[in-house]
């Protein structure tokens, strides 16, 4: 199995987001959100669809090119200090999928425009909507990688990104060196991605690796998207 690289440009209609998560991020529940705010949110959501242009790329490396030990992951002879949480989840992998994706630069320009016109509330809501679409695109990509892995009789892990679970975002430069980046994503000197609503990361592959639930109880990153989803589920169950 050689390195397999693919690029996709899915339509925005292939992505789905839950606006209730945006409401929750704003501090609202289903019982106390006002009609005025919901109307603003719905309008911004529909306007955003015109500015979202998804692009995803990934490369799957052949068996024997990836391994994980205590606190470190090796990908194609490049070592990453991912921390114990990620390396522990990937210890049974022997190959890897590396990916990057974005919802595009036009969304950045549109959402930032609200600050320029003096509407910080709209800018904030638009930013939350963009995060939801970026995460939905990551889910979409994970499904494509899972399908490819299954065709090669491989299992797959969850996806993990630099900046989470103890993995320094500074190592993003090394990650991008292993990836054919055809989506126009650029890294700043501090390894932040532009366009802003972009995601990169790895998914472990192997005959013995399985996808497990994210272990939010052993991670202290409060801003983590998966932690927020977990909290939203708990709030929904309690209500």
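Please treat every number below as a calculation from the coordinates, not as lab data. Small disclaimer: the values here were computed from a predicted structure and weren't measured. Cβ coordinates were reconstructed from backbone atoms using ideal geometry, including for glycine residues, and neighbour counts include every protein chain displayed.
A few points about this structure:
- In the elastic network of the chain, a GNM with C-alpha springs shorter than 10 Å, the most mobile of 18, 36, 47 is 36.
- Relative contact order (%) - segment 1-117, alpha-carbon pairs under 8 angstrom, separation at least six: 28 percent
- Highest to lowest packing among 189-199, 133-143, scored as the average C-beta count within 10 Å: 133-143, 189-199
- The relative contact order of the chain, computed from alpha carbon pairs under 8 Å that lie at least 6 residues apart in sequence, is 24 percent.
- Counted residue by residue at 0.36 nm each, then reduced by the alpha carbon distance between them, the extension gain from residue 36 to residue 9 reaches 6.3 nm.
- Between helix 120-151 and the chain there is an angle of about 30 degrees, using the helix long axis and the longest principal axis of the Cα atoms.
- Computed extension gain for residue 76 through residue 49, at 0.36 nm per residue and net of the alpha carbon distance, reaches 5.9 nm.
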